[in-house]
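Engineer: I am attaching a structure below and will ask some questions about it afterwards.
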Amino acid sequence: MKYLLKNARFLDGSEGSLFVEGAAVTYVGEASGAPTGAERTIDCGGNLLIPGLYNLHTHAAMQFIRGYGEDLPLQDWLETKVYPAEDRLTKDMAGWACRLAMAEMIRGGIVSFSDMYFYSDVLAEAVLESGMKANVARSLVSFEPGMRAFGDRRFEEARALVRDYQN
């Protein structure tokens, strides 16, 4: 697909157009020099055009508890708010929270994110639906003494994530 983004302001303060062919930016400069033949033209209205942003640390499914107990010290917050809320988290709730988090990221110019949490398969499906890019991992935290990775459901979920969604 060929895109023309016109009436854009760039980081250096100049204004002009940007032309994209497939996944490659092939022109940035004055509007008069922009290639023709765009299949879609987007008028940026003089707004700043910047590269996509990357969020390097997310727990998208935690969207549903944002601001919940934010006035507490970390350990109190984890023990009295987060862990009890996570115990009630369902796969369906995680899916909707992930979609909401991704919509917010997209609106803010984030094109890719890295996430480590529960229900990572649900997140991977939501990422595929959204068209975003992501690095998704299954959280493997355990407070159980003597826990063995092999045979543990969390470890098996992490292995399934790699098997089903790698690349």
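The values are calculated or read from the model by the stated rules, or taken from the named source; none is laboratory data. Fair warning: this is a prediction, and the values are worked out from it, not measured in the lab. Don't worry about glycine lacking a Cβ; one is built from the backbone with ideal geometry, like all the others, and counts go over all protein chains shown. Note: accessible area is taken over every heavy atom of the protein model, side chains too, but ligands, DNA and RNA are not part of it. Shrake-Rupley method; radii C 1.70, N 1.55, O 1.52, S 1.80 Å.
Engineer: Pick the calculated percent of Cα pairs over 20 Å apart for this structure from (1) 45; (2) 50; (3) 63?
Structural biologist: Only one option fits the structure, namely (3).
Engineer: Which order do the peptides 24-35, 97-108 come out in when sorted by mean C-beta neighbours inside 10 angstrom, highest first?
Structural biologist: Taking the mean over residues of other Cβ atoms within 10 Å, the ranking is 97-108, 24-35.
Engineer: To the nearest 20 debye, what is the magnitude of the charge dipole of the chain about its Cα centre, counting +1 on the Cβ of each Lys and Arg and -1 on the Cβ of each Asp and Glu?
Structural biologist: Numbers: 17 positive and 23 negative charges, 61 e Å.
So the magnitude is around 300 debye.
Engineer: Could you look at region 111-167 and say what percent of its accessible area is carbon and sulfur, using a 1.4 Å probe and all protein chains?
Structural biologist: Ligands and nucleic acids excluded, carbon and sulfur reach 54 percent.
Engineer: Give me P(r) over region 1-41, computed from all C-alpha to C-alpha distances, binned every 5 Å, as integer percentages.
Structural biologist: 6, 28, 35, 21, 9, 1
Engineer: May I ask for the percentage of alpha-carbon pairs in region 59-131 that lie more than 17 Å from each other?
Structural biologist: For region 59-131, the fraction of Cα-Cα distances above 17 Å is 44 percent.
Engineer: Restricting the count to DSSP beta bridges whose residues both fall in the chain, what percent are antiparallel, rounded to a multiple of 5?
Structural biologist: Given both bridge residues lie in the chain, the antiparallel proportion sits at roughly 40 percent.
Engineer: Rg and Dmax of region 1-94, using alpha carbons, in Å: what are they?
Structural biologist: Spelled out, the Cα radius of gyration and Dmax of region 1-94 are 22.1, 60 Å.
Engineer: Show me 7-15, 114-122 ranked by packing, highest mean number of other Cβ atoms within 10 Å first. Could you put the intermediate results ahead of the total?
Structural biologist: Details: 7-15: 12.4, 114-122: 20.4.
Ranking the peptides 7-15, 114-122 by packing returns 114-122, 7-15.
Engineer: Before I look further, what does region 28-112 give for accessible area per residue, probe 1.4 Å, in whole square angstrom?
Structural biologist: I get 67 Å² per residue for region 28-112.
Engineer: Here's another thing I want to ask about it. Which residue, H57, G22, L11, has the largest displacement toward the positive end of the dipole of region 1-97 when charges sit on each Cβ (Lys, Arg +1; Asp, Glu -1)?
Structural biologist: Value: G22.
Engineer: Chymotrypsin sites (Phe, Trp or Tyr not before Pro), restricted to region 34-79: which are DSSP loop and have at most 15 other Cβ atoms within 10 Å?
Structural biologist: Y68
Engineer: For helix 120-130, report the angle its Cα long axis makes with the longest principal axis of the Cα atoms of the chain; keep it between 0 and 90° and round to the nearest 10°.
Structural biologist: 20
Engineer: I've got another one for you. What do you get for trypsin sites (Lys or Arg not before Pro) in region 63-98 restricted to DSSP loop and a cutoff of at most 14 other Cβ within 10 Å of the site's Cβ?
Structural biologist: R66, R88
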